[in-house]
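Before any comments, here is the structure.
The values are calculated or read from the model by the stated rules, or taken from the named source; none is laboratory data. On a predicted model such as this, the values are computed, not experimentally measured, just so you know. Using ideal geometry, Cβ is built from the backbone for each residue, glycine included, and neighbour counts are taken over all protein chains shown.
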Amino acid sequence: MNLNLENYVLKINNFIENNLCKKIICELKKQKWKQHSFYNETKDEYMPLSGEQELESTLAENMKYHDVLIKKIWTAIEKYMNTINFSWYSSWNGYTSIKFNKYSKNKKMAQHCDHIHDIFPGKPRGIPVLSVIGLLNENYEGGKFIMFENKKINLKSGDLIIFPSIFLYPHKVTPVTKGTRYSYVSWVY
């Protein structure tokens, strides 16, 4: 097992073609968005960590291309599992529906890890195993994806990144300074 945490981050360039990215964005522009918030298990409440700068999100499961994208994500998860190639770990149960994120000017996502308890019903709740994040466009400025406090991950339209959802993989998106950034996320459990 490799002890370098970056070895467990997989970036897949051109995971989806630009034409599909554009079609998804076109559909996203028709969706209803709400301010993103983080669930605090201790306080049992939702709150935007970035205040008024918090991005907007939508589930948009009714979108025409949602199912196309969700099926493609399966192949990315398989690729990740084949890449890490642990003989002692070959099991995952599924992954969530896609959550789409929209970062308008001055919007960002605060540094966090994906200890997302509220995607699982009941008590006790676990956390996802992997985070799957894809970028849909690059015609904006700012909005850099940062991991490990200061490592910029260069993503282009159609790229996807997968990494463990645990506290060792903090990440954030810096404020968008021009245009609108669109991305999506799913979590493997």
Counting only residues that are without any contact (Cβ under 8 Å) to a residue 60 or more places away in the chain and either basic (Lys, Arg) or within 22 Å of Phe120 (Cα to Cα) (or both), how many does the stretch 47-77 have?
-> 15
Can you name the condition, by its number, that Thr177 falls short on among (1) among the polar types (S, T, N, Q); (2) assigned to a loop (DSSP other than H, G, I, E, B); (3) in contact with a strand residue (DSSP E or B) (Cβ under 8 Å, 6 or more places away or on another chain); (4) farther than 28 Å from Asp67 by Cβ?
-> (2)
Name the residues in the stretch 131-160 that are more than 16 Å from the chain's Cα centre (by Cα), assigned to a strand (DSSP E or B) and crowded, with 16+ Cβ neighbours inside 10 Å, would you?
-> Gly142
Would you list the strands (runs of 3 or more DSSP E) that sit entirely within the stretch 1-96 and hold 1 or more residues that are polar (S, T, N, Q) and surrounded by 14 or more Cβ atoms within 10 Å (Cβ to Cβ)?
-> 56-58
Among the residues of the stretch 29-57, count how many are under 19 Å from Gly158 (Cα atoms) and within 16 Å of the chain's Cα centre (by Cα).
-> 1
Considering only the stretch 97-110, state which residues are outside any strand (DSSP E or B) and either aromatic (Phe, Trp, Tyr) or surrounded by fewer than 19 Cβ atoms within 10 Å (Cβ to Cβ) (or both).
-> Ser97, Ser104, Lys105, Asn106
On the given criteria, is Leu20 within 18 Å of Ser186 (Cβ to Cβ), at pLDDT 90 or above and more than 16 Å from the chain's Cα centre (by Cα)?
-> yes
Which numbered condition Gly126 misses (of (1) in contact (Cβ under 8 Å) with a residue 12 or more places away in the chain; (2) within 23 Å of Leu5 (Cβ to Cβ); (3) in contact with a strand residue (DSSP E or B) (Cβ under 9 Å, 6 or more places away or on another chain); (4) of a type outside the set (D, E, K, R)) | (3)
Go through Lys71, Lys64 for me and flag whichever is over 19 Å from Lys30 (Cα atoms) and basic (Lys, Arg).
-> Lys71
Select from the stretch 161-179 the residues that are surrounded by 14 or more Cβ atoms within 10 Å (Cβ to Cβ) and of a type in the set (Ser, Thr, Tyr) and write down the one among them that is farthest from the chain's Cα centre (by Cα).
-> Thr174
